[in-house]
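What follows is a short report on a single structure.
What follows draws every value from the coordinates through simple rules; no lab data is involved. This structure is a prediction, so every number in the text was calculated from the model and none was measured. Positions of Cβ are generated from backbone atoms using ideal geometry, with glycine treated the same way; all protein chains shown enter the neighbour counts.
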Amino acid sequence: MIDLAAQKILVQDAANQYSETLVDFDRASVKRTWKKNQSYQLGLTATNDESLAYSLLRNENSLLVGGQEYIIKQVKPDLKGYSNQVAITANHIYYESRRIWQYQKRAGTITYSIQDILHYFFDSNPYGFTWEVIGNFSKVQIENLGNTSALDALNTCVDKFNCVVYPDNKHIRIYSRDAWQKKVDKSYLYGYNTTTFSCSWDTTSIQNVTKCYGKQKDGQEGQYYFPPFIAKNITSIKRWGERPGAEISDERFTDKNAMNAYAMSTMQADPVTTMALTYDGDDQVLPGEVWYLRVEPEQFDTDVEVTGITDYPFAPDHKPEVELDNSVRTLLDEDIAQERLIKEAVKHNQTATKEIKQASRTASRAFNSRLTGLPVVNTKRMQRDATLPAFTLMVPDDNAEMGLAKGQTFHVTTRTDLVEGLETFVNGKIPEMPEIPEYKPATPTDDGLMSAVDKVKLDALNNNFIKLYSPDGTPFLVQITNEGKFEILKGENK
């Protein structure tokens with residue numbers, strides 16, 4: 001759009017008697033909205049400064065901004081304490097073409113060029129409206145043309161000729177689609193000069209099946225140059241299924257193939273696409289421009305037409321909001337992008353599945369390799385004041401690394417200094433050993449491992465007799481003879 005940051009707002013009465021520049025207004029509230037073939041208006045909020053300009057902010061007066069005139073249609077006072085304000089909504093002056101009314105009606109179905117229609121409604125109009133056709137258009141058939149406004153006629157042209165209406169004040173330009181679009185070397189790059197992006201599709205109005213009627217033969221009611229037939233958009237049907245709609249009847253066609261091609265061009269075979277973004281760059285955005293759009297997160301890139309602009313000409317920091325085209329190309333480009341995303345998602349899922357399976361196997365091995373145990377129930381061998389339970393270790397599944405079978409118990413090597421409570425448990429249970437004296441061999445005269453007396457007695461046994469004394473001290477010798485007899489002899493010597 002035109003850079004209006006340095007422009008002024010001129011307020012003018014309907015009779016063109018008074019005009020003054022508006023001074024006291026909220027600059028951020030000045031918002032202009034244009035949508036292709038839908039709307040073109042200006043809104044703002046002004047404060048009562050008791051000026052002539054403020055007093056002229058009334059219905060049907062004009063606002064002149066950026067070289068275009070807007071007619072005030074809504075006035076909403078807003079009183080807050082000592083601050084008196086008014087909110088204004090004004091439509092572009094081209095909408096005043098509704099005041100041109102053609103009461104005549106051309107009965108029947110007649111073939112018209114787009115110029116025929118514009119002449120019929122705008123010629124000799126008293127309001128100063130002019131028009132210009134840019135591009136080439138085929139003729140169309142319209143039934144009972146007339147008895148409506150020139151604005152309605154323009155809407156009929158949009159519907160029948162698929163054209164674009166873009167006014168310059170009261171001079172109305174009608175563009176063919178090819179003439180309207182202007183390819184420019186500019187880009188919307190999400191994440192760089194575009195901070196927000198949205199895209200949606202509406203399948204409500206899809207039609208891909210219709211019945212076609214061509215020209216009837218002169219004087220032969222019900223007889224056509226080709227029999228009425230059902231036209232189908234196969235591509236659309238494959239995607240959306242059959243969506244039948246109103247029939248098409250056009251006396252221009254005497255050839256079936258031409259009629260079928262026309263039917264294909266008039267049916268809404270694909271969803272209406274709505275795309276919008278916020279543009280943060282420095283390039284000027286103009287209606288009808290075709291920019292390159294890339295949205296990296298969605299892997300979406302295509303050429304898009306500017307079909308709507310909401311800008312804030314007196315608030316440079318408020319970036320314009322841009323609506324983009326709803327062409328079939330955009331839909332197809334989005335399909336391609338979505339297909340790429342689906343393929344990448346499938347690939348990612350396959351990789352993730354492998355990783356999950358591997359992780360599952362690792363987790364399973366780790367789980368099965370864990371140690372478990374059986375509680376020790378032999379309490380006689382356990383310290384009575386033990387605070388922890390005791391277990392005999394085992395494996396819950398086969399463990400090749402440890403060489404153990406499922407359920408097999410095992411023990412671990414440890415040290416006495418690592419056994420908690422062992423020192424306390426054995427303390428006082430094992431008595432201290434006395435010092436063992438060192439002994440020398442005994443002799444008949446010196447004690448040793450035995451006494452000297454016992455040594456003498458032991459030596460006496462080696463003589464094969466024992467000396468005994470009776471109670472009265474009489475000595476006796478006791479021996480066993482070689483014959484095995486027991487012999488006692490009195491006296492000390494044998």
Please report the spacing between the Cα centers of segment 8-82 and segment 238-312 in Å, no decimals. 34 Å
Could you give the nm distance between label points at Arg98 and Ser149, where each point is 7 Å from its Cα heading toward the beta carbon? 0.4 nm
Quick one: if the Förster radius is 35 Å, what FRET efficiency do Leu489 and Glu435 give, using the C-beta to C-beta distance and rounding to 0.05? 0.15
Provide the per-residue ³J(HN,Hα) series for segment 110-125, in order, calculated from phi with Karplus coefficients 6.51, -1.76, 1.60 and θ = phi - 60°, each as a whole number of Hz, with x at glycine and proline positions. 10, 8, 10, 8, 5, 5, 4, 5, 5, 4, 4, 9, 9, 4, 6, 6
What is the distance, in nm, between label points placed 7 Å from the Cα along the Cα-to-Cβ direction at Asn84 and at Gln268? 4.7 nm
Once you have the Cα-Cα distance between His318 and Thr443, take 0.36 nm times their residue separation minus that, and quote the gain in nm to one decimal. 32.4 nm
Hand me the tally of lysine pairs in segment 86-230: alpha carbons under 24 angstrom apart, and the pair either on different chains or 8 or more positions apart. 12
Paramagnetic reach from Glu50 in segment 71-97 [backbone N under 20 Å; point 7 Å along Cα→Cβ]: 78-86
Using θ = phi - 60° and the Karplus form 6.51 cos²θ - 1.76 cosθ + 1.60, what ³J(HN,Hα) does each residue of segment 26-43 get, whole Hz, x for Gly and Pro? 7, 5, 6, 7, 6, 10, 10, 10, 10, 10, 3, 6, 10, 8, 7, 8, 10, x
Rounded, prolate or oblate for segment 218-278? Axes are the square roots of the Cα gyration tensor eigenvalues, ordered a ≥ b ≥ c, and the cut-off for rounded is a/c under 1.5. prolate
Under 17 Å from a point 7 Å along the Cα-to-Cβ line of Ile110: which residues of segment 128-166 have their amide N that close? 139-150, 153-154, 156-157
